[in-house]
1. Given the structure, is Q250 surrounded by 17 or more Cβ atoms within 10 Å (Cβ to Cβ), at pLDDT below 95 and of a type in the set (S, T, N, Q)?
2. So the check is Cβ under 6 Å with 6+ separation or different chains; which pairs have a first residue in the range 132-148 that's free of Cβ contacts under 8 Å to residues at least 12 places away in the same chain and under 13 Å from A168 (Cα atoms) and a second one that's of a type in the set (G, A, S) and surrounded by fewer than 18 Cβ atoms within 10 Å (Cβ to Cβ)?
3. Sort out which residues of the range 111-160 are out of contact with any Phe, Trp or Tyr (no Cβ under 6 Å at 6 or more places or on another chain) and on the phi > 0 side of the Ramachandran plot, and write them in order of number.
4. Within the range 158-207, take every residue that is assigned to a helix (DSSP H, G or I) and among the β-branched types (V, I, T) and give me the one that is nearest to H122 (Cα to Cα).
5. Taking T162, is it surrounded by fewer than 18 Cβ atoms within 10 Å (Cβ to Cβ) and at pLDDT 95 or above?
6. Give the residue, chosen from D89, D113, D102, that is of a type in the set (D, E) and out of contact with any His (no Cβ under 8 Å at 6 or more places or on another chain).
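The values are calculated or read from the model by the stated rules, or taken from the named source; none is laboratory data. Source: prediction; values computed, not measured. With ideal geometry, Cβ positions are generated from the backbone for all residues, glycine too; neighbour counts draw on all protein chains shown.
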Amino acid sequence: MKIIGKFLLVYGIVSLTALLCSEITGNSASHSVTTNHWSQTRRDSAHLLDDPNQVIHTAIVAVFAAKTYGWRGRFAVHTWLVFKRAGDDHYTRYEVVGWGPDAVIRRNYAIADGYWFGARPHLLVEYRGATAEAMIGQLNAAVNSYPYPHTYRAWPGPNSNTFIAHIAREVPQLSLNMPANAIGKDYRPLRDPIGRPPSGSGFQFSLLGVLGVNIGRQEGLEMNLLGVDLGINFFPLQLRLPFMGNIPTQRQL
């Protein structure tokens, strides 16, 4: 019991320190929390993707993350998938949102690389050419096989990060290293607590995304307590911190 108590104490201290540091440095979920009404926030392009007409013969696959809107942005990010086939003059964007129609999966709900209600997105992965083209059919199949198309819970999931984690498991070629503050990425139903982590390679044990562990090349060793993830990755060397994400950030090209 003393060991468990010490572990929880250290976990709590590190988590609170990360929250304090994120507030001081302005890195909370990558950006400061907006005070604007949602209808007045930026939704325009962040110009992280090429004009599709300029790369019309190139297939592209990308995954983005941006802080969630309002006070939740202190704790978590929202993630989404973007792709285009060679020959397409437009991008296709898929994500999950918790408002609107009964079906939570949205197609082209927003600009492919747009600000997410004021928060500037950043790339988690990007692939081009034949590698990207080979993934797109599998990505479409993964979108269609998402097991919670009519269910959304901000915490502990399923939510937008559960959706992207599902896609990454189904298409491990993405080698997706989801941020530690992508709350919901570790959601698993009680009937299926063991499987692969979001990267699609390694081991995961998770009880509803509130208690568990990830072990994998992308995740390293990561603990999850009440949806607050804490860990370390060695390839590349990263701290995986609650409220701040992966430090330093690194994306796969």
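1. Numbers: surrounded by 17 or more Cβ atoms within 10 Å (Cβ to Cβ): no; at pLDDT below 95: yes; of a type in the set (S, T, N, Q): yes.
Answer is no for this residue.
2. none
3. G118, G129 - these are the residues of the range 111-160 that are out of contact with any Phe, Trp or Tyr (no Cβ under 6 Å at 6 or more places or on another chain) and on the phi > 0 side of the Ramachandran plot.
4. Step one: filter the range 158-207 for residues assigned to a helix (DSSP H, G or I), giving 160-170, 172-174.
Narrowing further to those that are among the β-branched types (V, I, T): 162, 164, 167.
Details: T162: 18, I164: 15, I167: 18 Å.
For the range 158-207, the residue satisfying everything is I164.
5. Values: surrounded by fewer than 18 Cβ atoms within 10 Å (Cβ to Cβ): no; at pLDDT 95 or above: yes.
Criteria not met by T162.
6. Exactly one of D89, D113, D102 is of a type in the set (D, E) and out of contact with any His (no Cβ under 8 Å at 6 or more places or on another chain), namely D89.
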